[in-house]
Amino acid sequence: MAANSRKKNSDFLMQGAILAVAGMLTRVIGLAYRIPMNNILGDEGQGFYGVAFEIYSIALLLTSYSLPLAVSKLVSARKAKGDRNGVIKVFKTAIIFALTVGGAVALIVFFGADAIATKIMSMHLSVYALRVLAPGLFIVAILGVLRGFFQGMGTMVPTAFSQILEQIVNAVISLVAASYFFKVGAKAMAKAKDAASGNLSGAYGAAGGTLGTVAGATIALIFLLWLLFMMRRPLRGYRRAAADQEEAYGTLFKILLLTIAPVIMSTAIYNISQVLDQAIFAKTMSIQGVAEEKYSALLGMFSGKYNTLINVPLAIANALAVSVIPSLTAEKVHGRRADMFSKMALAIRFAMIVAIPSFIGYLVLAHPVIDLLYSGNINTPALMLRIGSVSVVFYCLSTVTNALLQGIDRMMTPVKNAAISLFIHLISLLIMLIVFHLSIYGVVIANIVFSLCMCLLNQRSIRMYTGYQQELRKTFVIPLIAAVIMGLITFLAYRLFVYLQLGLFATIPAMIVAVISYMIALLALGGLTRPEILQMPGGARLVRILDRFHLLRRPTDITD
C-alpha cells in the first residue's frame, strides 16, 4: 500500500515537474525578451504595455483562465470512472463555451478599447496595444480548453510543450514588432503638428510588443489541434456509459458553468487587484499633481521590471497547482483520504522549497539583479524588489492552497477568501498612497498584504474542511534557516566578486553560489530526505550524485 502511494506521489510530482520545467523555461524566455523590449519601449512605453496587459488579463478571466482548470477537473473525474462519452461531451461543451464567450469578449475589448484606455485607466495611448491584443482573447479561449483536456487525461506534456512553443514565438515576434513599430511611432511624432499627441513611439512600440502574444497563442493552438487529431485513438478504449447514465449536454453545460464561475471569480479578484492598483495609483498621482509621464514610468517599472522578476519563481507554484487539481479530484472520487493529504503536503512543501530561497535571494541581490538585467532607472525597481520579495512566498502558498481547495470541490471558498483579502488590500493601498504618500512602494506593500491574507485564509479553510494539519518544521522552518544561511554566504560571495572587479558579472557567480549553498544547507538540515528525493522525477539519479559527494544523510527513519 505504501509503495502504491509512493508511486502515485511520484506520478503527481512527475507531472508537476514537467509543467514546472516548462513554466520556468517560459518565464526565463519571458524575462529574456522583456529586458530588451523594456529597453526599446522605455519606462513610459512599458507603462502603456503593462496597462493593456492588465485589461487583457481581466478579459482572459472570462475566456480562458478558468477553462484549463475546470476542463481538467471535469475530464479527470469522468476518466477515473472510465466514461468515454462523458470525457468527449465535456470537451465539446467547453469548446462551444470558448467559441461563444471568447468571441464576444474579444469584440467588446476591440471596439471598447478607446473608452477603457481613456475613461478607466487614464492612459489613452494604451489603446493601440489593447486593440492588438483583442483577437488573442478568442484564440486563447480555445487553447485553454485543449490544455485542460490533456491535463484531465493525465498528461501535462502537451500543455508544457505548447507553452514553450508559444513563448518562443511570442519573444521573437514581440521584439521585432516592438522595434519596428517604435520607429513608425517616432516618425508619426515627427510629423505631428500637435505636441499633445503624446509619446506615439512608445504607444506604437507597445502595440507591436503585444503582437507577439497573439502570434504565439495562434501557433500553440495549431500545435495542440494537430496533437489532438494524432491522439484521438486512446479515447476509444473507454467504455460507453449506460444510456440512462449519460449526461445531457445541457446538464454538462450547467456543471461547466458552476465549475468555471468560482474559478473566474477567484482569479478575477487576483487580477482585478492589479488593475485596481494601477487605476487607483494613476488617479491618486494625478490628483496629487504628478505628471502622467512620471506615474506612467513608475507603473512601467512596476509591471516591466518588478512584476516580471517576482513572477519567475511562481512558475513552480502554478505548475504544482495545475497538476494537483486533477490528481486530488481522482483521489476524492475514490475516497482515498490519506493519499489526498499526502499530495497536499507534497505540493505545499515543494512550493516552499523554491519560494523561500527566492525571497531571500531577491532580498540580498535585488539591486545587482536589476542592474544586470535592465537599463534606465535602477534604484526604484531595486527597492521595489527588496520590499516586495517576501510576497513570493505568500503568492506561491496562496496559489497552491487555492488549487487544493478547488481540487476537493470547495470551489467558492477561494472566492470568499480572495474577496476578503481584496477589501483589506484596497484599504491598505489607500492608506499607503494618501496617508503615507509612499507612491509606487505603496502598491508593492499593498500586494504583500493581499497575498498574506490569502494564504492565511486558505490554510484556515483547508484545515476546517478536511482536517489537514500543516506540518511546519520541514515545510517552513528548515527551508527558511537554509535560505538565511544561503543569503549570508551569497552576500559575502557577491562582495568578494565585486572586490575582484568583476563588475556587473559579479551577480552571476553569486547566484550560482546561492543555489549550491542553499541545497547543501537544506540537505544538511534534513529538509529533504532520501525517500522524499526518490519520489521526485529523476530521484534515483539525484540520490547517486548526492551520495557521491556525501551530501545526503543515511536513512535512519524510513517514516521521516
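Centre-to-centre, using Cα atoms only, the range 25-91 and the range 267-328 are separated by 15 Å.
What is the range 367-492 by shape, rounded, prolate or oblate, if you read a ≥ b ≥ c off the alpha carbon gyration tensor as root eigenvalues and call it rounded for a/c under 1.5, prolate for a/b larger than b/c, and oblate otherwise? Since a/c reaches 1.5 but b/c is at least a/b, the shape of the range 367-492 is classed as oblate.
Each Lys and Arg contributes +1 and each Asp and Glu -1, all at the Cβ; summed about the Cα centre of the chain, the dipole is approximately 1560 debye. Taking a ≥ b ≥ c as the square roots of the eigenvalues of the Cα gyration tensor, an a/c ratio of 1.5 or more together with a/b no larger than b/c marks the range 76-174 as oblate.
The relative contact order of the range 374-446 comes to 32 percent, based on Cα pairs under 8 Å that sit 6 or more residues apart. The region of the chain that goes longest without hitting one of the chymotrypsin sites (Phe, Trp or Tyr not before Pro) in a DSSP loop, each with at most 15 other Cβ atoms within 10 Å, is 1-435.
Across the range 99-105, computed HN-Hα scalar couplings (Karplus, 6.51 cos²θ - 1.76 cosθ + 1.60, θ = phi - 60°) run 5, 6, 6, x, x, 5, 5 Hz from first to last residue, x flagging Gly and Pro.
These residues, C396, C453, go from largest to smallest accessible area, 1.4 Å probe, as C453, C396. Short-range pairs are left out: with C-alpha atoms under 8 Å and at least six residues apart, the relative contact order of the range 454-520 is 32 percent.
Students often get this wrong, so check it: of K73/K332; K283/K416; K89/K343, which have C-alpha atoms separated by over 23 Å? Checking Cα-Cα distances, K283/K416; K89/K343 exceed 23 Å. Heavy-atom surface analysis with a 1.4 Å probe gives the chain a carbon and sulfur content of 69 percent of its accessible area.
Per-residue ellipticity at 222 nm, computed for the chain from helices alone with -39500 (n - 2.57) per DSSP H run of at least four residues, works out to -27500 deg cm²/dmol. Over the chain, what is the relative contact order in percent, taking alpha-carbon pairs closer than 8 angstrom and at least six residues apart? Reported as a whole number, the value is 18 percent. Entry comment: accessible area of the chain is 42 Å² per residue, from protein heavy atoms only and a probe of 1.4 Å.
Starting from the Cα gyration tensor of the range 24-80, take the square roots of the eigenvalues, sort them a ≥ b ≥ c, and report rounded, prolate or oblate (rounded when a/c is under 1.5, otherwise prolate if a/b is larger than b/c, else oblate). Taking the square roots of the gyration eigenvalues as a ≥ b ≥ c, the range 24-80 is oblate. Each of the peptides 130-136, 528-534, 207-213, 482-488 was scored by the mean count of other Cβ atoms within 10 Å over its residues; in descending order, highest first, they stand as 207-213, 130-136, 482-488, 528-534.
The stretch between L502 and F423 holds 23.7 nm of extra length on full extension. This uses 0.36 nm per residue minus the Cα-Cα distance.
Global dimensions of the chain from alpha-carbon coordinates: Rg and Dmax equal 23.8, 79 Å.
The values are calculated or read from the model by the stated rules, or taken from the named source; none is laboratory data. As the structure is a prediction and not an experimental result, all values here were calculated from the model. With ideal geometry, Cβ positions are generated from the backbone for all residues, glycine too; neighbour counts draw on all protein chains shown. Heads up: the accessible areas ignore ligands, DNA and RNA and are worked out on the full protein's heavy atoms, side chains in. Shrake-Rupley method; radii C 1.70, N 1.55, O 1.52, S 1.80 Å.
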